[in-house]
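Written below as structure tokens is the structure these notes are about.
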Amino acid sequence: MKFDIYDFSVLTKSIHESLNSMMGETAVMISEMVIVGIIFLTLFAVLGLILVYVERKICAFFQQRLGPMRVGFWGTAQTLADLIKLLLKEPLITKNADKFLFNLAPFVLIIASFMAMAAIPFAKGLHAFDIDIGVFYITAISSIGVVGVLLAGWASNNKYSLIGAMRSGAQIISYELSVGLSLLTIIVLTGSLQFSEIIESQREGWWIFRGHIPALIAFIIFLIASTAETNRGPFDLAEAESELTAGFHTEYSGMKFAFFFLAEFINMFIVAAIGATVFLGGWMPLHFGALESFNAIMDFIPPIFWFFGKTAFIIFLMMWFKWTFPRLRIDQLLTLEWKYLLPINLINILVMAFFVLMGWYF
Amino acid sequence: MIKSIIKYIKEVLGGLKSLLKGMRVTGYYISHPKEIITQQYPENKDTLKMFDRFRGEVILLHDENNEHRCTGCTACEVACPNGSIEIISERVLNPETGKKKKEIDKFIYHLSMCTMCNLCIESCPTDAIKMGRNFEHAVFDRSLLTSVLNRPGSKLAPGVED
């Protein structure tokens with residue numbers, strides 16, 4: 001075995017055994033769940049802080065600006081300051097809002113991304129929930145998020161919020177199809193929906209290289225569709241500032257607004273992580289068949305760095321899209337999905353199936 | 001049928017090409033941090049140099065002999081759309097020729113009313129005034145924004161009126 005040094009399952013197993021020696025079976029299960037939950041909560045907060053800072057910086061550099069520079073070195077503490085500001089703000093609820101649904105909506109959104117996070121393999125053995133229908137699970141769970149958006153728009157009792165929510169619903173439901181189909185294109189190659197097996201099947205090389213043309217088309221479609229699914233620009237119709245003030249979260253303030261904001265960034269991370277896992281080999285190092293010494297050097301880099309590096313690369317691509325392309329109108333958005341991405345995707349999956357049948361992949 | 005399929009594929013590829021063109025532009029910006037235009041203002045105060053065309057305030061030029069080129073013709077005062085310039089002139093007896101001649105007493109400039117439109121500079125027949133590049137005009141008293149531009153004891157430079 002090549003990755004034994006970096007295998008996290010040794011660590012997790014030892015924790016499991018030491019817990020087992022201390023308490024009963026049920027208590028072990030509960031305490032392990034609590035530990036995993038706390039780790040994910042921390043990851044959420046840290047990722048949120050880092051991603052918001054990176055987004056602002058990268059956006060600035062794309063526009064020949066400097067971005068936040070005042071708080072901390074090169075503005076690194078800016079998001080922390082923003083967080084404190086949001087925590088101290090008054091949580092307003094409008095008079096005619098449906099109070100229960102209004103308060104529930106941000107939690108639906110954040111719980112959906114929390115659950116999706118569980119199925120992501122961070123490194124070998126560092127995998128909270130290695131379910132055998134992982135890809136299916138993630139596509140199913142991430143579409144629950146739209147319920148939160150619709151609830152927020154409906155409960156706010158505000159026309160901007162409602163229009164924004166309806167747009168977002170139409171958008172997410174349409175683009176879900178393309179995300180699922182582009183992932184299926186690779187599933188044809190792997191023959192498994194389990195994330196650990198998808199990664200294991202890329203030991204010889206990443207699917208984007210081994211599946212060549214159809215895999216590349218699938219990757220491009222995945223990037224476009226997942227950008228749309230996370231409601232990010234150029235597909236940010238749900239919160240179109242110019243015509244809908246802030247879309248579905250117009251009426252939210254303080255911490256509840258922060259939840260929506262955080263969920264957007266975490267969803268971006270999740271989508272990028274899925275893309276990295278399915279197309280770019282997850283935590284698998286970069287391998288070229290014949291170059292033994294090159295492969296050995298690549299093995300030396302810990303898998304967790306490979307995973308976060310690839311995810312960061314896809315996040316960077318998505319930010320590049322957001323700060324380059326002009327926004328689409330709602331009809332253009334749906335035309336793009338139903339007249340372009342979907343037919344191309346369907347043909348692409350047929351082509352891929354044919355290639356697999358003939359063995360025309362590496 | 002075939003034609004429409006070819007048109008469809010061409011559309012998709014053309015769209016992708018134009019998207020890549022856009023990404024090339026922004027990609028150039030992010031890979032060239034030297035192109036950043038934003039200035040860290042209070043920190044770079046010592047090295048900050050405003051560009052030539054910047055209009056900060058109207059200044060009356062004086063040379064080393066404390067002489068200016070303003071004849072007091074009030075062309076700038078007439079040209080100013082919001083009355084920021086007031087010229088108070090007096091007729092002074094010239095001892096050589098024995099004739100009375102117009103000379104400026106006070107060139108009053110109200111910065112608080114000026115919009116930096118540059119019309120006064122364009123209207124000046126003797127190029128006596130120009131736009132300065134100083135932009136740090138904040139004061140605590142509004143009266144400090146009104147200033148007399150000609151320095152005490154300054155005279156009209158010889159040869160301007162010839």
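Values in this text are rule-based calculations from the coordinates and carry no lab data. The structure displayed is predicted, hence computed values, not measured ones. Positions of Cβ are generated from backbone atoms using ideal geometry, with glycine treated the same way; all protein chains shown enter the neighbour counts.
Of the listed peptides A:189-199, A:297-307, what is their order by residue-averaged count of other C-beta atoms within 10 Å, with the highest listed first?
Values: A:189-199: 19.1, A:297-307: 16.5.
Packing proxy ranking, top to bottom: A:189-199, A:297-307.
Counting pairs of Cα atoms in the stretch A:263-349, how many percent are more than 15 Å apart?
Details: 2662 of 3741 pairs.
Pairs farther apart than 15 Å: 71 percent.
Across peptide A:65-74, what mean number of C-beta atoms from other chains lies inside 10 Å of a residue's C-beta? If you can, show how the numbers build up before the last one.
Numbers: counts 4, 6, 2, 0, 3, 1, 0, 0, 0, 0.
Mean shielding by partner chains, rounded to a whole number: 2.
Sum up the charges of everything whose Cβ sits under 12 Å from the Cβ of residue A:335, counting Lys and Arg as +1 and Asp and Glu as -1, but leave residue A:335 out.
On the way: positive: A:329, A:339; negative: A:331, A:337, B:11.
With Lys, Arg at +1 and Asp, Glu at -1, the neighbours total -1.
Find the Rg to Rh ratio for the stretch A:92-358, where Rh is the Kirkwood radius over alpha-carbon pairs and Rg uses the same atoms.
Working: Rg = 19.3 Å, Rh = 19.2 Å.
Rg/Rh for the stretch A:92-358 comes to 1.01.
When only DSSP loop residues count, what trypsin sites (Lys or Arg not before Pro) in the stretch B:17-102 have their Cβ near at most 14 other Cβ atoms within 10 Å?
Values: sites: B:17, B:21, B:24, B:34, B:45, B:49, B:53, B:55, B:69, B:91, B:99, B:100, B:101, B:102; in loops: B:45, B:49, B:53, B:55, B:69, B:99.
Within the stretch B:17-102, the qualifying trypsin sites (Lys or Arg not before Pro) (loop, at most 14 other Cβ atoms within 10 Å) are B:45, B:49, B:53, B:99.
Taking just the C-alpha trace of the stretch A:234-293, give me its Rg and Dmax in Å.
Rg, Dmax (Cα atoms, Å): 18.8, 58.
Using every pair of alpha-carbon atoms in the stretch B:42-97, split the distances into 5 Å bins beginning at 0 and state the percent of pairs per bin, rounded to integers.
Final binned percentages: 4, 11, 13, 17, 19, 13, 9, 7, 3, 2, 1, 0.
Mind checking the stretch A:299-351 for trypsin sites (Lys or Arg not before Pro) that DSSP puts in a loop (not H, G, I, E or B) and that have at most 14 other Cβ atoms within 10 Å? Don't skip to the answer; put the middle values down first.
Numbers: sites: A:310, A:322, A:327, A:329, A:339; in loops: A:327, A:329.
Of the trypsin sites (Lys or Arg not before Pro), the ones in loops of the stretch A:299-351 whose Cβ has at most 14 other Cβ atoms within 10 Å are A:329.
Can you tell me the mean projection area, over all orientations, of the convex hull of the stretch A:31-107's alpha carbons? Units nm², please.
Working: hull surface 32.4 nm².
Mean shadow area of the hull around the Cα atoms is 8.1 nm².
Which one, A:118, A:323, A:269, is farthest towards the positive end of the dipole of the stretch A:92-358 when Lys and Arg carry +1 and Asp and Glu -1 on their Cβ?
The residue sitting farthest along the positive end of the dipole is A:323.
What does the convex hull of the alpha-carbon atoms of the stretch A:214-362 project to on average, in nm²? Write out the running numbers ahead of the final one.
On the way: hull surface 45.6 nm².
Approximately 11.4 nm², given one-decimal rounding.
Compute the Kirkwood hydrodynamic radius of chain B, taking the inverse of the mean of 1/r over all pairs of distinct Cα atoms, and give it in Å to one decimal. Write out the running numbers ahead of the final one.
Working: mean 1/r = 0.0485 Å⁻¹.
So the Kirkwood estimate lands at 20.6 Å.
Which entries in A:310/B:21; A:256/B:34; A:57/B:10; A:57/B:21; B:130/B:155; A:256/B:21 show an alpha-carbon gap greater than 28 Å?
Values: A:310/B:21 24 Å; A:256/B:34 39 Å; A:57/B:10 36 Å; A:57/B:21 22 Å; B:130/B:155 18 Å; A:256/B:21 39 Å.
Violating the 28 Å limit, Cα to Cα: A:256/B:34; A:57/B:10; A:256/B:21.
Going out from 0 in 10 Å bins, what whole percent of all Cα-Cα distances in the protein assembly as shown drops into each bin?
Final binned percentages: 3, 14, 20, 19, 14, 9, 8, 7, 4, 2, 1, 0.
How much net charge surrounds residue A:304 when only the other residues with a Cβ under 12 Å from the Cβ of residue A:304 are counted, with Lys and Arg +1 and Asp and Glu -1? Don't skip to the answer; put the middle values down first.
Numbers: positive: A:124, A:310; negative: A:7.
Charge balance near residue A:304 sits at +1.
Among all stretches of chain B without exposed GluC sites (Glu not before Pro) (DSSP loop, at most 13 other Cβ atoms within 10 Å), which one is longest? Walk me through the numbers before you get to the answer.
Values: sites that count: B:64, B:96, B:136, B:161.
Here the longest segment lacking exposed loop sites spans B:1-63.
Determine the shielding of peptide A:321-331 by partner chains: average, over its residues, the number of Cβ atoms on other chains within 10 angstrom of each Cβ.
Details: counts 4, 0, 4, 10, 5, 1, 0, 0, 0, 0, 0.
Average per residue, whole number: 2.
Run through the stretch B:1-74 and list the chymotrypsin sites (Phe, Trp or Tyr not before Pro) located in a DSSP loop whose Cβ has at most 13 other Cβ atoms within 10 Å. Intermediate values should be presented prior to the final figure.
Working: sites: B:8, B:28, B:29, B:51, B:54; in loops: B:51, B:54.
Within the stretch B:1-74, the qualifying chymotrypsin sites (Phe, Trp or Tyr not before Pro) (loop, at most 13 other Cβ atoms within 10 Å) are B:51, B:54.
Under 4 °C and 1.567 mPa s, how fast does the stretch B:5-91 diffuse according to Stokes-Einstein, given a Kirkwood radius computed over C-alpha pairs? Answer in µm²/s, whole number. Mind showing how you got there, number by number?
Details: Rh = 19.9 Å.
After rounding, the answer is 65 µm²/s.
About the Cα centre, and with charges only on the beta carbon of Lys, Arg (+1) and Asp, Glu (-1), how big is the dipole of the protein assembly as shown? Nearest 20 debye, please.
On the way: 45 positive and 47 negative charges, 227 e Å.
For the protein assembly as shown, the charge dipole is close to 1100 debye.
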